[in-house]
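*Asks:* This is the structure I want to talk about, given as structure tokens.
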Amino acid sequence: MTTRIALALHGAWDSDLAWSFRHSPYAIVAALVFLACIGAAAFAPWVAPHNPFDLSQLDLSNSLKPPAWLPGGTHTFPLGTDDQGRDILSTIFFGARISLEVGIAAVLLSMVLGVALGLIAGYVGGSLDAFIMRVADVQLSFPAILIALLVDGLARAVIRGAHDSMAFWVLVLSIGVSGWVQYARTVRGSTLVEKSKEYVQAARLFGIHPLAIMARHVLPNVLGPVLVIGTIHIATAIITEATLSFLGVGVPPTQPSLGTLIRIGNDFLFSGEWWVTLFPGIALVVMVLAINLLGDWLRDALNPRLRT
Amino acid sequence: MTDVRPVHPNPLPARGERGPSGGLRPPHPNPLPARGEREPRVSETGDGRPLLDVRHLRIEFPTRRGVLTAVDDVTFAIAPGEVLGVVGESGAGKSLTGAAIIGLLEPPGRIAGGEILLDGARIDHLPHDEMRRIRGRRIGAIFQDPLASLDPLYSIGSQLIETIRTHLPMSEAAARTRAVELLQEVGIPAAARRIDHYPHQFSGGMRQRVVIALALAANPRLIIADEPTTALDVSIQAQIITLLRRLCREYGTAVMLITHDMGVIAETADRVAVMYAGRIVEIGPVADVIRAPKHPYTIGLMGSIPSVTADRERLVQIDGSMPRLTAIPSGCPFHPRCNRVFDRCLNERPELFDAGTSRAACWLHAPLP
Amino acid sequence: MTAYAIRRLLQAIVVMLVVAFVAFSLFQYVGDPVQLMLGQFATPVDRIRLTHELGLDRPFYVQYYHFLVNAVHGQFGVSLRIGKPVSVLLAERLPATLELSLCAAIFALVVGIPAGVYTGLKPNSWLARTMLSLSLLGVSLPTFLIGILLILVFAVKLNWLPAFGRGTVVHLGGWTTGLLTKSGLVSLIMPTITLGLFQLTLIMRLVRSEMLEVLRTDYIKFARARGLTDRAINFGHALKNTLVPVITITGLQLGSIIAFSIITEQVFQWPGMGLLFIQAVSYVDIPVMAAYLCLIAVVFVTINLIVDLLYYVVDPRLRVDRPGGAGH
């Protein structure tokens, strides 16, 4: 199976995808920016100038310093500091780390959930298929943020007290659950096509479970669309995470994501310390924009109908 | 094997004998009362000026792997009232030629050379709005899929009235009257009632009749019919072809009939142009081309037809398939599949040479030096 | 038409019952309402009495039935956080949310559709390319960030517009409106843009892609071959066909505006239902959460229903009254 996927990837990479990538300046820039974001996030403990979560390094006398180029700013804190004297640039690195972790984990959850449900719905058919797709329809008629808020609210009600330590997983769950529908629809469609083919019937004779065989054949087929949905979904998931954190129902301030940082900074907007909120905001937009550009390019490149 | 459909077992032309050089056509045995102004039926070799004159047309597609030439040095003419069949496999360039004539080549396709004249005036590279006035008014068009050709959100009446009033100075009421007449003429029963129905309320054959009515709405003198029957049931195909032929004779409208079905051509056309790999390989009166094809490709096409006169050799089949545009062979593009290929075919490209009553792009018919 | 409408209505009712069930489960299985209401010093006798009074000792379908009856009458109990009936709280805040959502929807449609049509018709012009790039930026900008940036520029730096609240409102019967005073209107500007911008970019991109799709169809090609004017083709045929799918999705988007108003209301401290809801989620104020959920579901289902019926009006293919005869 891995070789099949590897072959499929190699085949795609070899032909049009690579060509399209080389000829799309947007895609190249977006990929570079995204890689930089990943790098900064992954290596935050090493590349960040300070560790904003090491209380011994914090000094309240450094609080609310403006960026380096403004009067009162220092080069120790290039983008200034927040009310607790944390370096904004460093909190952005660490915040991006949490945003990306939540985003990617939530997308993986959605993907697994959606692919599995789509495969089962398409394969089993009948009332189970009808039920799953009906749930999908109903869920799709509500915006993802509302579903995420609802799951989040439920989780809060169930686990109460212990919420802060579980906040990360609650977020992953609520964002993940809110996004499975698109994957399920794509995979179900492809499964329905494969289901009628003879090798699926033949698989039974060889004693292999047809579902396993189908997964092997369906997955490479849906790889492209799932990849496109997944890429754009990472951007959406990061925005959803930031939104929930901004609303105060996401990750706690002790482990701030970009959304939490913006929420914290929002309190200082009127007292003139705009940098506390603006820079994390810019970082968020740049990251999401890069992912969206990549997703857009990928969709156009993989969709032969739009290609000229 | 090719996907060109052969003519039916008895490929005799549907209408009476025709002069060997395609001269005056004998009148129809049962002439219907002429409605439009009747044009003298003169072919390009007669003394009249051709209605449509295509000279050295070349259509290119710039792609990332270089420029593809989809139609190369295509030259033909259509006389007023004449039916020219254009036959060829899919990808031979016949539909592109039609699209180029009505100025509807889809980008990035473009006319890269040659000229197109309508009534002696050039219409290639006309300003957008002038070309628009020609479409529908002077050149009508019919496309393959009648189910997709009509806007699903408008009644057929409003689409007809819209077309009529775009081109002719008529009041809404007068246009509606004309629309009903047109529908009656194309054989829509209860036209006065059906005019307010929507496309989805008609069957495929009925929809193609509506499409024909739309193409004729402003009484154009030329109709480009691109595979008008391909999407229809076999039983309905004949009706549509008969209808098209009758209407064009009544109105004196010339037709460029694009199809891959030699049977349709045999029944309908006066002359036929055979296209292969973006070029015309043979052009001539339809009876002669069918009875005595000159180009090896046309011979192959006709040879694949089963005959009722039993004692002929086995059916001939052309080996291989038409080259892709990315790999058109040098010289004569047909030479890799030709069973009579010789040295000259490999490197030099043949132009159309006179071959009896037809013209064929084949070195076998080159005039002796 | 009637059969179609009834079928749609039935589907809507099923969805409502499902959502109501989720809300009901919130009530019944999350936390212990008896403990919540009595506090930790209640005697066992009190507990049994209250359990009986609340009907919690009855079978679950009876409880569900009572929940539905109450919900239909707008009775969702008392807010745990504020101590007022939920119905009163929501009624107070409904006008603020509806006015904001309506303004945002109009803003998104009035700008989004023409922008989408333009970029669909002239996909290669520089203006269309610029708009498309900006729209990608718009999709990448989280709603709350747009609000914060607007506040930073227009309220903090320039001091042109108020940063929060509804301004002066006028009471008209049970309704409060900010549309009749200058301060009310001025207060609406930034929240409207914040809430509408994301939908605007979505609508624009949707209209554009549908437009491009329709322009590739055979009937547009045939309309060109008929020699129709560009105006007739683009606006009479292409746009009308584009509108069929656009109506559906736009309708659903408008519904989500009300949901998204949660974020905008938080940023601008707009005294609407969304602000109430987000505070309820933070405090696990279940009656408010359940009521908001049901209310939002009603809004969504209603919009869905209207969209389906509109669809029917625009697209003759859906009309069932096909005459027999030549059709097959």
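Each reported figure results from applying straightforward, stated rules to the coordinates on display, with no laboratory input. All values derive from a computational prediction rather than experimental measurement. So basically every Cβ, Gly included, is an ideal-geometry build from the backbone, and we count neighbours across all protein chains shown.
*Asks:* Can you compute the modelled spin-label distance between A:Asp267 and A:Leu60, with each label point 7 Å from Cα toward Cβ, in nm?
*Replies:* 1.4
*Asks:* Let a ≥ b ≥ c be the square roots of the eigenvalues of the Cα gyration tensor of the range A:162-301; is it rounded (a/c under 1.5), or, if not, prolate (a/b larger than b/c) or oblate?
*Replies:* prolate
*Asks:* Pulled fully out, how much extra length does the chain show between C:Arg58 and C:Ile106, if you take 0.36 nm times their separation in residues and subtract their Cα-Cα distance?
*Replies:* Length gained between C:Arg58 and C:Ile106: 12.5 nm.
*Asks:* Going by average Cβ density within 10 Å per residue, which order do the peptides A:225-234, B:258-267, B:169-178 take, highest to lowest?
*Replies:* Result, highest mean Cβ count within 10 Å first: B:258-267, A:225-234, B:169-178.
*Asks:* Here's another thing I want to ask about it. Select from C:Ser133, C:Ser101, C:Ser79 the residue whose mean-square fluctuation is largest in a Gaussian network model of chain C (Cα-Cα springs shorter than 10 Å).
*Replies:* C:Ser133
*Asks:* Continuing with this model, one more query. Out of the trypsin sites (Lys or Arg not before Pro) in the range B:328-366, which ones are loop residues according to DSSP with at most 15 other C-beta atoms within 10 Å?
*Replies:* B:Arg340
*Asks:* Would you please report the Å³ per residue occupied by the convex hull of the alpha carbon atoms in chain A?
*Replies:* 179
*Asks:* Each residue of the range B:258-272 in turn: what ³J(HN,Hα) in whole Hz from Karplus with 6.51, -1.76, 1.60 and θ = phi - 60°, glycine and Pro shown as x?
*Replies:* 9, 7, 9, 10, 4, x, 4, 4, 4, 6, 10, 8, 8, 10, 9
*Asks:* Ignore the peptide's own chain and count Cβ atoms of other chains within 10 Å of each Cβ in A:134-144; give me the average, rounded.
*Replies:* Across the residues of A:134-144, the mean count of other-chain Cβ atoms within 10 Å is 4.
*Asks:* Tell me, what is the FRET efficiency for C:Leu309 and A:Asn51 to the nearest 0.05, using R0 = 60 angstrom and their Cβ-Cβ distance as r?
*Replies:* It comes out at approximately 0.50.
*Asks:* Could you please rank A:Trp19, A:Trp69, A:Trp46, placing first whichever residue has the fewest other Cβ atoms within 10 Å of its Cβ?
*Replies:* A:Trp46, A:Trp69, A:Trp19
*Asks:* Which entries of B:Lys94/C:Lys221; B:Lys94/C:Lys240; C:Lys157/C:Lys182 have Cα-Cα distances beyond 23 Å here?
*Replies:* Exceeds cut-off: B:Lys94/C:Lys240.
*Asks:* Please name which of A:Ala235, A:His217, A:Ile264 has its Cα lying farthest along the dipole of the range A:178-308 towards the positive end, using unit charges on Cβ (Lys, Arg +1; Asp, Glu -1) and the Cα centre as origin.
*Replies:* Positive-most Cα among the choices belongs to A:His217.
*Asks:* Arrange the peptides A:135-145, C:304-314 so that the one whose residues have, on average, the most other Cβ atoms within 10 Å appears first.
*Replies:* Highest-to-lowest ranking by the protection proxy: A:135-145, C:304-314.
*Asks:* Can you pull the mean other chain C-beta count within 10 Å for peptide C:147-154?
*Replies:* Across the residues of C:147-154, the mean count of other-chain Cβ atoms within 10 Å is 4.
*Asks:* Please compute the Cα-Cα pair-distance distribution of the protein assembly as shown with 10 Å bins starting at 0, giving whole percents from short to long.
*Replies:* 2, 9, 15, 18, 17, 14, 11, 8, 5, 2, 0, 0, 0
*Asks:* Between C:Val186 and C:Val298, what FRET efficiency follows from the Cβ-Cβ distance if R0 is 35 Å, with the result rounded to 0.05?
*Replies:* So, using R0 = 35 Å, E works out to roughly 0.65.
*Asks:* For the range C:219-328, rounded, prolate or oblate, judged on the Cα gyration tensor with a ≥ b ≥ c (square roots of eigenvalues), a/c < 1.5 rounded, else prolate if a/b > b/c?
*Replies:* Taking the square roots of the gyration eigenvalues as a ≥ b ≥ c, the range C:219-328 is oblate.
*Asks:* Let me ask you something else. Please turn the phi angles of the range C:212-228 into ³J(HN,Hα) values with the Karplus equation 6.51 cos²θ - 1.76 cosθ + 1.60 (θ = phi - 60°), one per residue in order, whole Hz, x for glycine and proline.
*Replies:* 4, 4, 5, 5, 8, 6, 5, 6, 6, 4, 5, 4, 5, 5, 6, x, 5
*Asks:* Work out the mean other chain Cβ neighbour count within 10 Å for the residues of A:146-155 and drop it here as an integer.
*Replies:* 5
*Asks:* Let me ask something else. Largest first, please: the extent of the C-alpha atoms of the range B:195-251 along each principal axis, to the nearest Å.
*Replies:* 30, 28, 18
*Asks:* Residues with beta-carbon under 12 Å from that of C:Thr248, excluding C:Thr248: net charge, scoring Lys, Arg +1 and Asp, Glu -1?
*Replies:* Neighbour charge sum, excluding C:Thr248 itself: -3.
*Asks:* Residue by residue through the range C:123-138, what is 3J(HN,Hα) from phi via Karplus (6.51 cos²θ - 1.76 cosθ + 1.60, θ = phi - 60°)? Round to whole Hz and write x for glycine and proline.
*Replies:* Computed from phi, the couplings for the range C:123-138 are x, 9, 6, 5, 5, 5, 5, 4, 4, 5, 4, 4, 5, 5, 4, x Hz.
*Asks:* Here's a follow-up. Note the direction-averaged projected area, equal to a quarter of the hull surface, for the Cα convex hull of the range C:87-317, in nm².
*Replies:* 15.1
*Asks:* If you don't mind, another one. Testing the spin-label approximation: label points 7 Å from Cα along Cα→Cβ at A:Thr254 and A:Leu223. State their distance in nm.
*Replies:* Those two pseudo-labels are separated by 4.4 nm.
*Asks:* Could you work out how far apart the two model spin labels at C:Lys240 and B:Ser235 are, taking each label as a point 7 Å from the Cα in the direction of the beta carbon, and quote it in nm?
*Replies:* 3.4
*Asks:* Would you mind putting C:108-115, C:290-297, B:115-122 in packing order, based on average other-beta-carbon counts within 10 Å, highest first?
*Replies:* Highest to lowest by the protection proxy: C:290-297, C:108-115, B:115-122.
*Asks:* If you filter the range B:45-94 for trypsin sites (Lys or Arg not before Pro), then keep DSSP loop positions with at most 10 other Cβ within 10 Å, what is left?
*Replies:* Here the sparse-neighbourhood loop sites are B:Arg64, B:Arg65.
*Asks:* So, R0 is 60 Å and r is the distance between the beta-carbons of C:Ile13 and B:Arg344; what FRET efficiency does that work out to, to 0.05?
*Replies:* 0.15
*Asks:* Now a separate question. For chain A, with a Gaussian network of springs between Cα atoms less than 10 Å apart, report the residue from A:Gly39, A:Gly272, A:Gly281 with the top mean-square fluctuation.
*Replies:* So, out of A:Gly39, A:Gly272, A:Gly281, the one fluctuating most is A:Gly272.
*Asks:* Which of A:Gly103, A:Gly72, A:Gly207 ends up with the largest GNM mean-square fluctuation for chain A, with Cα atoms connected below 10 Å?
*Replies:* Between A:Gly103, A:Gly72, A:Gly207, it is A:Gly207 that shows the largest mean-square fluctuation.
*Asks:* Please return the longest range in chain A lying between exposed loop sites, taking trypsin sites (Lys or Arg not before Pro), DSSP loop only, at most 13 other beta-carbon atoms within 10 Å, and leaving the sites out.
*Replies:* A:1-196
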